[in-house]
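In what follows, a structure is listed as structure tokens, so that the remarks can point back to it.
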Amino acid sequence: MRRDVFQAIADPTRRAIILLIASQAMTPNAIAEHFDISRQAVSKHLRILTECELVKQEHTGREIYYQLEINKMKQVDKWLEQFRKLWESRFNELDKVLLTMKNKKK
């Protein structure tokens, strides 16, 4: 079953893993140290993130390092952009209303 990016980021543990490896590549054991779940559960989350291409594996000797796939995160950002514009528009309208109310009080 092929999952998409949004299914992957729907889970809070996977979002936490993404935040954790955003700054540096980490082994599954190093990632697991940050969570109160089993190493197997972390591996399952990493597998889902890998299937969705949000993280990629890099083999260094016998170790596997997981790192964030920035280009795939752009897909999420692109989808959020439409909402960002909507929110900015609404905040600008709210600013106008508040300014009008403030000027009426003077």
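Each value in this text was obtained by applying a stated rule to the coordinates, not by laboratory testing. Only a predicted model underlies this, so the values are computations on that prediction, with no experimental measurement involved. With ideal geometry, Cβ positions are generated from the backbone for all residues, glycine too; neighbour counts draw on all protein chains shown.
Annotations for the structure displayed:
- Tabulated pairs, the stretch 8-31, first farther than 15 Å from residue 73 by Cβ, second among the hydroxyl-bearing types (Ser, Thr, Tyr) and assigned to a helix (DSSP H, G or I), C-beta under 6 angstrom, 6+ apart or interchain: 28/43
- A count restricted to the stretch 59-80 and to residues that are over 14 Å from residue 22 (Cβ atoms) and either among the hydrophobic types (A, V, I, L, M, F, W, C) or surrounded by 11 or more Cβ atoms within 10 Å (Cβ to Cβ) (or both) stands at 5.
- Which listed residue, of 10, 25, is under 15 Å from the mean Cα position of the chain (by Cα) and of a type in the set (A, V, I, L, M): 10
- Residue match in the stretch 37-47 (condition: touching a strand residue (DSSP E or B) at 6+ places or on another chain (Cβ under 7 Å) and of a type outside the set (D, E, K, R)): yes
- Cross-chain or 6+ apart pairs with Cβ under 7 Å, the stretch 40-61 first and on the phi > 0 side of the Ramachandran plot, then among the acidic types (Asp, Glu): 53/69
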